[in-house]
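Once you've had a glance at the structure underneath, I'll fire off some questions.
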Amino acid sequence: MIAGVATSKGGKPMAIVERSTNRLVVEAGGGLSSFSLALDKQAGLARIERNMLMWKRRPLEMPLADIKDFDVATFKDAVSGAELRKLLLRTQADEAIEVPVEEASVEETAAALRDFLGLAA
């Protein structure tokens, strides 16, 4: 199962807005949709906030221990046939939550998130 998050065309790319030894916050989007992922080691929680078309969706919270990996998945675009890469947050329950990242920085963002949580590459 993949929980989709619309990326905003022309919006801001994923950016690390806060980084310390205990907390990492990344944000993307702007305009009509936005995405925020906060990883908090002190609280032991991950929090995902999403706005789509200016409506706030219910935030998702999960224990950091529930995060299995940040995986780069390749999909084939149904219309153009082009191969696209997406960053997915994989949970221990085998759920996948899309993290909207510009394709050029998918690997770099996945590595930063894995490194923060001490996950193997």
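How many percent of all Cα-Cα pairs in region 14-117 sit more than 19 Å apart? Write down the numbers at each step before the final one.
Numbers: 2374 of 5356 pairs.
Percent of Cα pairs beyond 19 Å in region 14-117: 44.
Report the full-extension gain for the segment Ala104 to Leu117: residue separation times 0.36 nm, less the Cα-Cα distance, to one decimal in nm.
My answer for the length gained is 2.5 nm.
Just how large is the dipole of region 42-98 about the Cα centre, in debye to the nearest 20, putting +1 at every Lys and Arg Cβ and -1 at every Asp and Glu Cβ? Please report the intermediate quantities before stating the final value.
Values: 10 positive and 10 negative charges, 53 e Å.
The calculated dipole for region 42-98 is roughly 260 debye.
Here is a follow-up. Just to check I understand the Karplus step: with θ = phi - 60° and J = 6.51 cos²θ - 1.76 cosθ + 1.60, what whole-Hz values come out for region 98-109, glycine and proline as x?
Running phi through 6.51 cos²θ - 1.76 cosθ + 1.60 with θ = phi - 60° gives 6, 10, x, 9, 4, 4, 5, 10, 4, 5, 5, 5 Hz.
Extending each Cα 7 Å along its Cβ direction at Val79 and Glu95, get the distance between those two points in nm, one decimal.
Taking the two extended label points, one gets 2.9 nm.
Pick out, in residue order, every one of the trypsin sites (Lys or Arg not before Pro) in region 12-41 that is DSSP loop and has at most 16 other C-beta atoms within 10 Å; say none if there are none.
Here the trypsin sites (Lys or Arg not before Pro) that fit, given the DSSP loop and packing criteria, are Lys41.
A further question on this structure: Could you give the dipole magnitude of the chain about its Cα centre, charging the beta-carbon of Lys and Arg +1 and that of Asp and Glu -1, in debye to the nearest 20? Show your work: numbers first, answer last.
Details: 16 positive and 18 negative charges, 76 e Å.
Here the size comes out at about 360 debye.
Laboratory data are not the source of any read-out in this text; all were calculated from the coordinates shown. If you're wondering where the values come from, they're calculated on a predicted model, not measured in any experiment. Please note: Cβ atoms are built from the backbone with ideal geometry, for glycine as well, and neighbour counts cover all protein chains shown.
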